[in-house]
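Since the structure comes first, as structure tokens, the remarks are kept for the end.
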Amino acid sequence: MEAFEYRDGELYAEGVALSAIAARFGTPTYVYSRAHIEAQYRAYAEALAGLPHLVCFAVKANSNLGVLNALARLGAGFDIVSRGELERVLAAGGEPGKIVFSGVGKTRDDMRRALEVGVHCFNVESTVELERLQEVAADLGVKAPVSLRVNPDVDAGTHPYISTGLKENKFGIDIDEAEAVYARAAGLPNLEVVGVDCHIGSQLTSLPPFLDALERLLALVDRLAARGIRIRHLDLGGGLGVRYKDEEPPLAGDYIQAVRERIAGRDLALVFEPGRSIVANAGVLLTRVEYLKHTAHKDFAIVDAAMNDLIRPALYQAWMDVVPVRPRDGEARSYDIVGPICETGDFLAKQRDLALDEGDLLAVRSAGAYGFVMSSNYNTRGRAAEVLVDGGQAFEVRRRETLPELFAGESLLPE
Ligand code: LLP
């Protein structure tokens, strides 16, 4: 579904004009569509119908409480990587029993809290983590459900910063060593082996790497069964890509169908951890043109959003579409869309043909994933507001940060 469409010459989020959102909440503001988020989640859940499954939204992609709450109301599970994300999910009404806990650096506190609330599974990334989890679970007198994140050594063919399934990455346990680590886990009294998982990278635009990883995991499940270690669920992580420009990623339904065919006849539950594919195209970053600066070499549109609000272009050279909220007639020029931060790397887009005037509103598309969550206060800029649109209504699900908040936790030196 298309959440953002032009109507009467202006861009809408569902039934609400983006100009009305800018007038009411100011800019820069992230705007999300509830209907889009729900449709994307349902594409996973419906394709999995009839199989035991969990669709665990990767909270790191967008951790706003309103967004998490919308998903929790649909019965979603959540993939978390920190104590903070755990508390967010609980505050948003998520069920602890549907949480998978990923990440290479879980602290003892993280583990304790997750055991207390009763998460579905710990996705364990190393032998040392396994030993630590055993200790913490023993202290509490409980059994910790574990899955080992194996590294299947497949090339996801994505950006090196977000490719995680190769041997040289810090993630997971080498698939060739996994059997021995499972044997160790099965022998520890306060652990219960329940699953196997992998996550090979993000923004994948074809199925073969996923299916390659799946085959390797299934072979491992068989080798473990031969040793008497029974795996109950297979967690294939997240990673399904989205269209930013002209990519044609597979649909969730087609991906899941291909997985279902390959696990037919096995007694396995399926878990997925999608992040980007649920929320990326459910969001835009709404920003206003402050200045048009024409130089001998270039034309710059200096906007009120910056790399602190949306770092993907600066960090990954990510291409994100930038469109006018109210397209105007007039001569288009090739603009670099830049923010006010004092760094050459502070850009949102380069060389975009646009007809602009000062004060115009722009929408950076596909900004619902890894947008607000990666924002910072660099240059002492308050973080943007977040608005969730539901039909004809717009809800401020996070208000703009105020200036006093930016240094409220700091202090002067003593006299
Ligand atoms: N599960 C695990 C263990 C992960 O590490 C990730 C993402 C996901 C699930 C969700 O993956 P997704 O479905 O969103 O591809 N900041 C980068 C993306 C980093 C992804 C990190 N891990 C970006 O803006 O492109």
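Taking other C-beta atoms within 10 angstrom as a stand-in for reagent exposure, Ser102, Ser366 fall in the order Ser366, Ser102, fewest first. Farthest towards the positive end of the charge dipole of the chain, among the residues Val146, Tyr41, Phe78, is the Cα of Val146, using unit charges on the Cβ of Lys, Arg, Asp and Glu.
Show me the three semi-axes of the equivalent ellipsoid for the range 103-272, from the C-alpha gyration tensor (sqrt of 5 times each eigenvalue), largest first, rounded to whole Å.
Values: eigenvalues 158, 65, 42 Å².
Those come to 28, 18, 15 Å.
About its Cα centre, the chain has a charge dipole of approximately 600 debye under the convention of +1 per Lys or Arg Cβ and -1 per Asp or Glu Cβ, with nothing else charged.
In what sequence, highest mean first, do 292-303, 82-93 appear when ranked by Cβ atoms within 10 angstrom?
My ranking of the peptides, most packed first, is 82-93, 292-303.
If the chain linking Glu2 and Arg260 were pulled fully straight, counting 0.36 nm for each residue of separation and taking away their Cα-Cα distance, it would gain 90.1 nm. Only beta bridges with both residues in the range 103-272 are counted; by DSSP, about 5 percent of them are antiparallel.
Shown for the chain is the translational diffusion coefficient from the Stokes-Einstein equation, using the Kirkwood radius over Cα pairs, a temperature of 4 °C and a viscosity of 1.567 mPa s: 57 µm²/s. The distance linking the range 72-146 with the range 328-400 is 35 Å (Cα centroid to Cα centroid, whole angstrom). Taking the longest Cα principal axis of the chain as reference, the axis of helix 34-47 is set at about 30 degrees.
Compute, for the range 103-272, the length of the dipole vector about the Cα centre, with Cβ point charges of +1 (Lys, Arg) and -1 (Asp, Glu) only. Units Debye, rounded to 20.
Values: 20 positive and 27 negative charges, 85 e Å.
I would put it at about 400 debye.
Considering all different alpha carbon pairs of the range 1-134, the Kirkwood hydrodynamic radius works out to 16.7 Å. By the rule of a C-alpha distance below 17 Å, with chain neighbours fewer than 8 residues away ignored, the lysines paired with Lys298 are Lys350. Peptides 383-389, 319-325 ranked from most to least packed, by the mean per-residue count of other Cβ atoms within 10 Å: 383-389, 319-325.
Within the straight-line cut-off of under 14 Å between alpha carbons, the aspartates and glutamates reachable from Lys106 are Asp79, Glu85, Glu125, Glu129, Glu131, Glu135, sequence neighbours fewer than 8 places apart in one chain being disregarded. The three principal axes of the C-alpha atoms in the range 338-415 carry coordinate ranges of 55, 36, 25 Å, sorted with the longest axis first. Around Asn377, under 11 Å between beta carbons, what's the net of Lys plus Arg minus Asp minus Glu among the other residues? Combined, the nearby Lys, Arg, Asp and Glu give -1.
Computed from the coordinates by the stated procedures, all read-outs in this text should not be read as laboratory data. Computed from a prediction, not measured in an experiment: that's the story for all the values here. With ideal geometry, Cβ positions are generated from the backbone for all residues, glycine too; neighbour counts draw on all protein chains shown.
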